[in-house]
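Structure first, commentary second.
The values are calculated or read from the model by the stated rules, or taken from the named source; none is laboratory data. The shown structure was predicted, so the numbers you read here are calculated from the model rather than taken from an experiment. Virtual Cβ from ideal backbone geometry, glycine too; neighbours counted across all protein chains shown.
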Amino acid sequence: MLEVHGVFKRYATPQGPLAVLQGVDLHLAQGSSLALMGESGSGKSTLLHLIAGLDKVDRGSIRMGNQRLEQMNEGQLANWRRTEIGLVFQQYNLIGSLRVEDNLAFQARLAGRHDLRWQAHLVARLGLGDLLERYPEQLSGGQQQRVALGRALASRPRLLLADEPTGSLDEHTSDEVLDLLLELLDDSPSSLLMVTHSPRVAARLAEKVLLHGGRLVDAGQR
Amino acid sequence: MDVLRETLRALLSHWRQHPVQFFSVLTGLWLATSLLTGVQALNSQARESYARASQLIGGEPQASLSAPNGATFSQGMFVDLRRAGWPVSPVLQARLQLKGHEDLRLQLMGIEPLSLPSGSALAGQHLDMAQMVDFVGPPGRTWIAPSTLQALGLREGAQPQSLNGQTLPPLRGQVDMAPGVLLVDIGVAQQVLGLPAQVSRLLLSRDFAATEPRLPAELAGQLQLKRSGEENNLARLTESFHLNLDALGFLSFVVGLFIVHAAIGLALEQRRGLFRTLRACGVSVRRLVFCLSLELGGLALLGGMAGVVSGYLLASLLLPDVAASLRGLYGAEVAGQLSLSPLWWFSGLGLSLLGALLAGANSLLRAAQLPLLALANPQAWHQAHARWLLRQAWVAAVAAVIGLIALLWGDSLACGFVLMAALLIGAALSLPVLLDAVLNRLVRRSWSVLGQWFLADCRQQLPALSLALMALLLALAANIGAGSMTAGFRQTFSDWLEQRLTAELYVNPQNPAQATELQQWLPEQHLSAVLPSWQVAVSLQGWPADLYGVIDHPAYREHWPLLEALGEHPWDQLVAHDTVMLSEQLARRLKLRLGDHLSIPTPQGAWSPQLIGIYADYGNPKGHLLVNAEHLLRYWPQLTPSRFNLRIDPAQIPALLTALQTRFALDDSRIVDQARLKGWSTQVFERTFSATAALNSLTLGVAGVALFISLLTQSQSRLGQLAPLWALGVTRRQLMLLNLGQTWLLALLTLVVALPLGLALAWCLDTVINVQAFGWRLPLRVFPLQLVELMGLAMLATLLASAWPLFKLYRTQPADLLRSFAHED
């Protein structure tokens, strides 16, 4: 479903251009899950941002179905993020001025896909029933990440992109969040691409790849 | 010393990284100091001029003898009194115009230095014999203030000519001379002014006046004794004018301090981690606070220096209009150029330091109380927000109570200002509470997801923007209030002028003999009406006033509206009984009501007419009394008319003017036509309020700057709040428009609160401040067009304030937004 072909990306730095990605090829089937691993500065987040339409490739293509990201303008990319993608960040990035209930529904309402039943299901599965009236700053890290997860899944995206979703959490909470994520994926048609540098986390996904020297090295399937 | 140096280096590095905040603090201090010191410079210059004028002939306080109507009188009376053993000294004083300088208003004062009361000083100097000979002997001297010399564009030694061709003695600059006054020997003055053998007043020593000597019988009624302090009441008369300027300057100071407070508060928030690091590395609380104070002091000095310089420039720009207003309203001459003492400069810097301390005290306290081990993250905004709103609401309530007490029980100008301050402060502090309540209600009812975010995020921005919005509220309310008062005053004043100034010509005779001649000649000229009036200067409970005697004529019934009257026919009562009418401000000052009796000192003892009418007398700082002429002349039988109001067919005016000028040698200063008088009155009015209008506009500008700096300061932190929305599919253009909409919504809501606040302020100004300061009450008038214009101006100011931060947001690259999502891996 997700096809990444020959993607190059470089950034300008005071010391000269820095080539982060040098011809990345990636394929992710519908409903599957993939762990993207690599050392610090290997470009994992860069690749994720390119797939999310937050940044543009220098060369290559990223497509999902008949949509090609490199040909989209800003408005189309925004639409892409609204309707096709669910994003989960390491630092949660919830909207501080909205209550939990409104955060959960935010992206789904933006995409015009607000389904109260599906949201109720997510609330129940994520254990957020008692937290709906609170604001993000009143929650613990684990709770905030569960809300972020719920927000990302509420719009039933085709592709869920998670950038180190458990990176800020302790081990126990990390396992909890990951369990919930994988359970919920079973209930939805979304595919999952997760950036992680934890082999333990990567081991729970269907596939894993390693980013090294700006290129992907197949780290094997489970 | 190393610790101090390193701590300062660490603290100052913040400003290098955040130049916008540095600029904000400096700008706030600069603006605050600039406007207040500018106003203080104006007031200080004026008060110094009053002091010089009152000390022109100073030293021992003196008394004086003058004609009851203030006109000149024969030098023969001086001779008669000297022969009778009175140690009098003559003074002649009148307006003077010089050739080539007709636009400059000058006073020529002639004295006789040899006969001055002992201990008298001239312009701050006690003359020795050589100086006296130099002054009176040929060619003589004309003493002049250096500022007046400069205004004339002349040098020392020059000998300008009057309009009638008379040459003045060589000019000599004297530092302590009052501005606009030329001092010469009395003989020279009589010649130059064309008033041979005439005198304005006779000076007496205090000691002699204290013996309460009786005037010789032939002079009783022709001269009246005035003690020192009764004549020169400039400081007292102008006190209200200067207080109002002070109030405006103070308002601007407070608005400017809002900017400083916001910027310093933000700097504290952003350096929390730095403070904890410094503390953890061994910097004590005391040393940290000391360094922060040094930093604040340095900023205050920089901002203060800029503020004092621009305050001086501002005062220089406004001084001509202020001087013209004071001259027109009070007859006070103020030097046209600023000459300020070093104390003024230092006090300006002191103000800046004080302002910085006031604005930064809270931040210094919080820095001192910062716990060492707590996390560097700020408290949850929601809880802090609720606590902050509650605190604001409480303080606003206290301010409201203080205002209510001042309104119900206050009876002074100071109480009036307390009322206004309480109203403004209470409203300003209530603003965030009101805005939060409105936004909260709207959030619950919003229908779209972005609409919901729009309002919720607006609410979250309130603490960061509240100070700027408060400043905007105060500036808008001040503009509405002062604008409504000024426009209402203009309309009231204009209507009043139309009613009162009905005579086509006003003629002022040069002397009593001419007045008698005119009194016989004018009725023969076939005019519609000749309305003579007699005038006596009196002092009532220390207030200077003019007592006018008028004849009974339908013109007064038809064209002299009364604010209050006793009975149905007050003008008939004025003729038939021992009655008097007063101006509104005099009635208030003397605390008199209709039916009360007033005690007027006369040469024949106290006169107690009954008060039967009160009328408006806008713009007159002195008291004004009206009695029937026959009653007046019973007490001052030697009086002659001081003015003739003439009703005449306009087509006949040129012929009459020619006849008056030919037969009586009356120049333009003695014959005034209605149009010129109305024009002059209106001009004085406009110039009086031009300074107010300028300061109002500047205050609105300061508020706009406050908003701009608040938006710019928080634009960096906004990125972290907006990036998630962008990531979720909202475009940058949408974000920019939403942000603009938020700023406009907050400004619009502030405007909605400012409207009733401004009208309440206008009511305060009309019914409390004006009454306490000037003695007259104005009706509250609302001018919708003016309000619409101000609304437009406010929205434009908001757009300009938010333009740059929005443009920055629009131009933000995805890479910058992505940085919000960055983490260590």
**Study point:** Condition broken by B:ASP572, with the remaining ones in (1) surrounded by fewer than 19 Cβ atoms within 10 Å (Cβ to Cβ); (2) under 22 Å from B:SER66 (Cβ atoms); (3) free of Cβ contacts under 8 Å to residues at least 40 places away in the same chain satisfied
**Key:** (2)
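Rundown of residues vs (1) closer than 30 Å to B:THR602 by Cβ; (2) in a helix (DSSP H, G or I); (3) at pLDDT 80 or above, yes/no style:
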position: B:ARG9; (1), (2), (3): no, yes, yes
position: B:VAL20; (1), (2), (3): no, yes, no
position: B:GLY28; (1), (2), (3): no, yes, no
position: B:GLY70; (1), (2), (3): yes, no, no
position: B:VAL91; (1), (2), (3): yes, no, yes
position: B:GLN97; (1), (2), (3): no, no, yes
position: B:LEU104; (1), (2), (3): no, no, no
position: B:LEU114; (1), (2), (3): no, yes, yes
Check your understanding: Here are B:PHE258, B:PHE250: which of them is under 30 Å from B:ARG718 (Cα atoms) and of a type in the set (Phe, Trp, Tyr)?
Key -> B:PHE258
Exercise for review: Confirm whether B:VAL575 is of a type in the set (A, V, I, L, M) and part of a strand (DSSP E or B).
Suggested key: no
Exercise for review: Residues being away from chain B (no Cβ under 13 Å) and exposed (fewer than 15 other Cβ atoms within 10 Å of the Cβ): count how many of those fall in segment A:112-128.
Suggested key: 6
Practice item. Check whether at least one residue in segment B:543-563 is of a type in the set (Gly, Ala, Ser) and surrounded by fewer than 16 Cβ atoms within 10 Å (Cβ to Cβ), and report yes or no. Key: no
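Out of the helices (runs of 4 or more DSSP H) lying entirely within segment A:104-222, which hold 2 or more residues that are at pLDDT 90 or above?
On the way: elements: A:116-126, A:141-154, A:171-187, A:199-202.
Ranges flagged: A:116-126, A:141-154.
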Practice item. Return yes when B:GLY481 is in contact with an Asp or Glu (Cβ under 8 Å, 6 or more places away or on another chain) and in contact (Cβ under 8 Å) with a residue 40 or more places away in the chain and no when it is not. Key: no
Revision key, fill the gap. (1) within 12 Å of chain A (Cβ to nearest Cβ); (2) free of Cβ contacts under 8 Å to residues at least 24 places away in the same chain all hold for B:LEU450 apart from (2)
Exercise for review: Please find, among B:VAL433, B:VAL418, the residue that is away from chain A (no Cβ under 14 Å), over 28 Å from B:GLU789 (Cα atoms), touching a helix residue (DSSP H, G or I) at 6+ places or on another chain (Cβ under 9 Å) and assigned to a helix (DSSP H, G or I).
Suggested key: B:VAL418
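What are the residues in segment A:164-181 that are surrounded by 15 or more Cβ atoms within 10 Å (Cβ to Cβ) and either small (Gly, Ala, Ser) or under 14 Å from A:ARG125 (Cβ atoms) (or both), if any?
Listed by number, the residues that qualify are A:GLY167, A:SER168, A:SER174, A:GLU176, A:VAL177, A:LEU178, A:LEU180, A:LEU181.
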Point to revise | Scope segment B:530-555; condition within 20 Å of B:GLN585 (Cβ to Cβ) and aromatic (Phe, Trp, Tyr); matching residues | key: B:TRP543, B:TYR548
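For A:LEU178, state whether it is under 22 Å from A:ILE51 (Cα atoms) and either polar (S, T, N, Q) or in contact (Cβ under 8 Å) with a residue 60 or more places away in the chain (or both). First the steps, then the outcome.
Working: under 22 Å from A:ILE51 (Cα atoms): yes; either polar (S, T, N, Q) or in contact (Cβ under 8 Å) with a residue 60 or more places away in the chain (or both): no.
Against the criterion (under 22 Å from A:ILE51 (Cα atoms) and either polar (S, T, N, Q) or in contact (Cβ under 8 Å) with a residue 60 or more places away in the chain (or both)), A:LEU178 does not qualify.
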Review point. Between a first residue in segment B:1-28 that is under 25 Å from B:VAL255 (Cα atoms) and a second residue that is at pLDDT below 80 and among the small types (Gly, Ala, Ser), which pairs have beta carbons less than 6 Å apart while being 6 or more apart in sequence or on different chains?
Key: B:GLN21/B:ALA263; B:GLN21/B:ALA267; B:SER24/B:ALA263; B:VAL25/B:ALA263; B:GLY28/B:GLY256
Revision key, fill the gap. Residue count, segment A:34-60, condition more than 13 Å from chain B (Cβ to nearest Cβ) and buried (at least 23 other Cβ atoms within 10 Å of the Cβ), comes to 1
**Study point:** Members of segment A:92-103 found to be more than 14 Å from A:ALA152 (Cβ to Cβ) and either free of Cβ contacts under 8 Å to residues at least 24 places away in the same chain or assigned to a loop (DSSP other than H, G, I, E, B) (or both), listed by number
**Key:** A:GLY96, A:SER97, A:LEU98, A:ARG99, A:ASP102
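Answer yes or no as to whether A:LEU131 is in contact (Cβ under 8 Å) with a residue 12 or more places away in the chain and either among the acidic types (Asp, Glu) or more than 10 Å from chain B (Cβ to nearest Cβ) (or both).
So A:LEU131 passes the test.
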Practice item. Identify all residues within segment A:189-222 that are of a type in the set (Ser, Thr, Tyr) and either surrounded by fewer than 20 Cβ atoms within 10 Å (Cβ to Cβ) or more than 16 Å from the chain's Cα centre (by Cα) (or both); write none if there are none. Key: A:SER198
Review point. How do the pairs read when you match residues in segment B:615-631 that are farther than 12 Å from B:ASP552 by Cα with residues anywhere that are at pLDDT 85 or above and assigned to a loop (DSSP other than H, G, I, E, B), using Cβ under 7 Å and keeping only pairs 6 or more apart or on different chains?
Key: B:TYR615/B:TRP560; B:TYR615/B:PRO561; B:TYR615/B:LEU562; B:TYR615/B:LEU563; B:ALA616/B:LEU563; B:HIS624/B:ASP617
Check your understanding: Going by the structure shown, is B:GLY701 buried (at least 22 other Cβ atoms within 10 Å of the Cβ) and of a type outside the set (A, V, I, L, M)?
Key -> no
Review point. Which condition does B:LEU738 not pass, out of (1) more than 26 Å from B:LEU474 (Cβ to Cβ); (2) within 12 Å of chain A (Cβ to nearest Cβ), if it passes all the others?
Key: (2)
Study note, to complete from the structure: B:ALA727 meets each of (1) closer than 30 Å to A:ALA111 by Cβ; (2) modelled with pLDDT of 85 or more; (3) away from chain A (no Cβ under 14 Å) with one exception, condition (3)
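Scan B:THR516, B:THR492, B:THR502 and give me the residue that is in a helix (DSSP H, G or I) and closer than 25 Å to B:GLN661 by Cα. Give the steps one after another, and end with the answer.
Values: B:THR492 fails: closer than 25 Å to B:GLN661 by Cα; B:THR502 fails: in a helix (DSSP H, G or I).
The conditions single out B:THR516.
Restricting to segment A:62-111, name every residue that is among the basic types (Lys, Arg) and either more than 9 Å from chain B (Cβ to nearest Cβ) or over 19 Å from the mean Cα position of the chain (by Cα) (or both). Walk me through it before giving the result.
Of segment A:62-111, the ones among the basic types (Lys, Arg) are A:63, A:68, A:81-82, A:99, A:109.
If the condition is that a residue be among the basic types (Lys, Arg) and either more than 9 Å from chain B (Cβ to nearest Cβ) or over 19 Å from the mean Cα position of the chain (by Cα) (or both), then A:ARG63, A:ARG68, A:ARG99 are the ones that fit.
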Review point. Right, B:ALA555: within 38 Å of the chain's Cα centre (by Cα) and modelled with pLDDT under 90 or not?
Key: yes
Check your understanding: In segment B:125-157, what residues are under 12 Å from B:MET177 (Cβ atoms) and part of a loop (DSSP other than H, G, I, E, B)?
Key -> B:ARG141, B:ALA145
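Yes or no, residue by residue, for (1) of a type in the set (D, E, K, R); (2) surrounded by fewer than 17 Cβ atoms within 10 Å (Cβ to Cβ); (3) under 24 Å from B:VAL753 (Cβ atoms):
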position: B:ASN770; (1), (2), (3): no, no, no
position: B:PHE774; (1), (2), (3): no, no, no
position: B:GLN786; (1), (2), (3): no, yes, yes
position: B:ALA801; (1), (2), (3): no, no, yes
position: B:TRP804; (1), (2), (3): no, yes, no
